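Notes follow once the structure below has been shown.
Bear in mind that the values in this text are calculations on the coordinates, not laboratory data. Keep in mind the model is a prediction, meaning the values are calculated, not measured. As a convention, Cβ positions derive from the backbone with ideal geometry for all residues, glycine included, and neighbour counts pool all protein chains shown.
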Amino acid sequence: MQPQKASETISSLGRGLEVLSLLEKGGGVSLANLHRATGFSKSSLVRILNTLAEHGFIRRRGDGTWWLCWRAGRNAAAQRKMLLADRALELLPALTKLIGWPIDVFVYDRGMMELIETTRDNLNFEVVSVGHRVPVLASAVGRCWLGLCSDEERAQMIERLRRSASGYDRPAHNEDYCRELVETVRAEGHATRIRGYHSAITRPGNSNMAMAVPVLTSAGIAACLNVVWDTRFAAIPDFAEKWLSTLQDAASRLGQRIADDV
C-alpha cells in the first residue's frame with residue numbers, strides 16, 4: 001500500500017477538526033445536519049464520525065445524533081461514564097417529559113461534580129454541555145453525593161475540598177457544617193442546591209433550584225440524578241411532594257440497569 005501524501009493526510013485531519021468544531025458548539029447534531037453544514041459527502045462523514053467515536057472524542061446517542069464526549073479517551077473511568085450515560089438515556093427523555101423540567105446525571109470527579117448526561121439542551125433551561133463541573137458543597141448533586149457516599153470517600157472529599165481555593169469549598173473547614181449536612185441528606189435521602197447559588201449560566205438572585213437523589217448499586221453511590229426547575233412555578237416543598245418519589249424511582253431503575261451490566 002502506498003503511503004498517503006502529506007497534503008492528503010492534512011486534508012483528512014482538517015475535515016475531522018471541522019466536524020469536532022461543529023459539535024463543540026453544543027447540542028446533538030445529526031448526520032444530515034453535518035452534511036448540510038460541511039458539504040462533505042455522507043459516506044465521508046460516516047468515516048470521520050466513526051473514527052472520532054473509536055478514539056473517544058464523540059459518541060452517538062440512540063436518536064442518531066452525535067455529541068462531543070466529556071473527555072477524549074478509552075480508559076476505565078471514561079468507559080464507566082459512557083455506560084452510565086447510555087443507560088440514563090433509556091430513562092431521561094420520558095422522565096423529563098413527565099416532570100416537565102430538565103434532568104441531569106452527575107458523578108463525582110476530583111473535587112467537583114461532573115455532568116455526564118442531560119436533557120437541558122432540549123428545554124433550553126440553564127443549558128450546559130456534558131463535562132460541565134459544579135462545586136460539591138453548593139450543588140444539589142454534590143451535597144447528595146457527600147451525604148450518601150461511604151465514610152472513607154467522604155473523608156477524602158472533604159480533605160480535597162479543604163485544599164481548594166474556591167469560595168464554594170470554604171465550608172469544608174467547618175466540621176459542624178459538614179456533619180449537619182451529612183445528617184440532613186441521610187435523613188431526607190436527597191439534597192437541594194444552596195440558596196443563592198449561581199454560576200456562569202445563572203444570574204445572582206435567580207429563582208432556579210435543583211434537587212438530587214442518589215443512584216445506588218451494591219458497590220455504593222454511582223451517580224446522582226438531578227432535576228432543575230424554577231421555584232416561581234413550584235416551591236421546594238410542593239415540588240418534592242409531587243416529584244421526589246418519581247425521581248427516586250428513576251434513580252433506582254438506573255442503578256439496577258447499571259448492576260445488570262456488571
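A simple rule links phi to the HN-Hα coupling: the Karplus curve 6.51 cos²θ - 1.76 cosθ + 1.60 with θ = phi - 60°, which for segment 242-258 gives 7, 10, 4, 5, 5, 5, 5, 5, 5, 5, 5, 5, 5, x, 5, 5, 5 Hz, with x for Gly and Pro.
Candidates 83, 177, 135 compared by Cα position along the dipole of segment 76-261: farthest toward the positive end lies 135, with charges placed on Cβ.
Set against the labelled values (i) 0.95; (ii) 1.11; (iii) 1.20, Cα Rg over 2.2 N^0.38 Å computed from this structure falls on (ii).
Per residue, how big is the convex hull of segment 6-68 when only Cα atoms are used? Give it in Å³. Mind showing how you got there, number by number?
Numbers: hull volume 4.9 nm³, N = 63.
Convex hull volume per residue, Cα atoms: 79 Å³.
What dipole magnitude, in Debye to the nearest 20, does the chain give about its Cα centre under +1 on Lys/Arg Cβ and -1 on Asp/Glu Cβ?
Numbers: 33 positive and 29 negative charges, 175 e Å.
Here the size comes out at about 840 debye.
Provide 106, 233, 40 in ascending order of the number of other Cβ atoms located within 10 Å of each residue's Cβ, fewest first.
Working: 106 28, 233 11, 40 16.
Ranked by crowding around the Cβ, least crowded first: 233, 40, 106.
To the nearest 0.05, how large is the calculated FRET efficiency for residue 260 and residue 51 if R₀ is 35 Å and r is the Cβ-Cβ distance? After rounding to 0.05, the efficiency reads 0.70. Between 53, 212, 251, the GNM of the chain built on Cα springs shorter than 10 angstrom shows 53 fluctuating the most.
Sequentially through segment 109-121, phi angles give Karplus couplings (6.51, -1.76, 1.60; θ = phi - 60°) of 8, 6, x, 9, 9, 10, 6, 10, 7, 7, 10, 4, 4 Hz, Gly and Pro residues having no value and appearing as x.
Of all the options 76, 222, 140, the one that moves most in a Gaussian network model of the chain with Cα springs shorter than 10 angstrom is 76.
Adding -39500 (n - 2.57) for every DSSP H run of four residues or longer, then dividing by how many residues the chain holds, sets the calculated 222 nm ellipticity at -15000 deg cm²/dmol. Applying 1/(1 + (r/R0)^6) with r as the Cβ-Cβ distance of residue 230 and residue 80 and R0 = 41 angstrom yields a FRET efficiency of 0.80.
Based only on the alpha carbon positions, what is the Kirkwood hydrodynamic radius of segment 148-262, in angstrom? That comes to 15.9 Å for segment 148-262. Amide H contacts of residue 223: 215, each under 5 Å away and 5 or more positions distant or on a separate chain (H built 1.01 Å from N in the peptide plane; Pro and chain starts excluded).
Residue by residue, segment 171-176 carries 3J(HN,Hα) couplings of x, 4, 6, 9, 5, 5 Hz when phi is fed to the Karplus relation 6.51 cos²θ - 1.76 cosθ + 1.60 (θ = phi - 60°); x denotes Gly or Pro.
Rounded to the nearest Å, what's the spacing between the alpha carbon centres of segment 94-119 and segment 205-227? Just the number, please. Each part's Cα centre sits 8 Å from the other's. Within the straight-line cut-off of under 15 Å between alpha carbons, the aspartates and glutamates reachable from residue 81 are 90, 104, 109, 114, 117, 261, sequence neighbours fewer than 8 places apart in one chain being disregarded. Among 213, 127, 105, the largest mean-square fluctuation in a Gaussian network model of the chain (Cα springs under 10 Å) belongs to 127.
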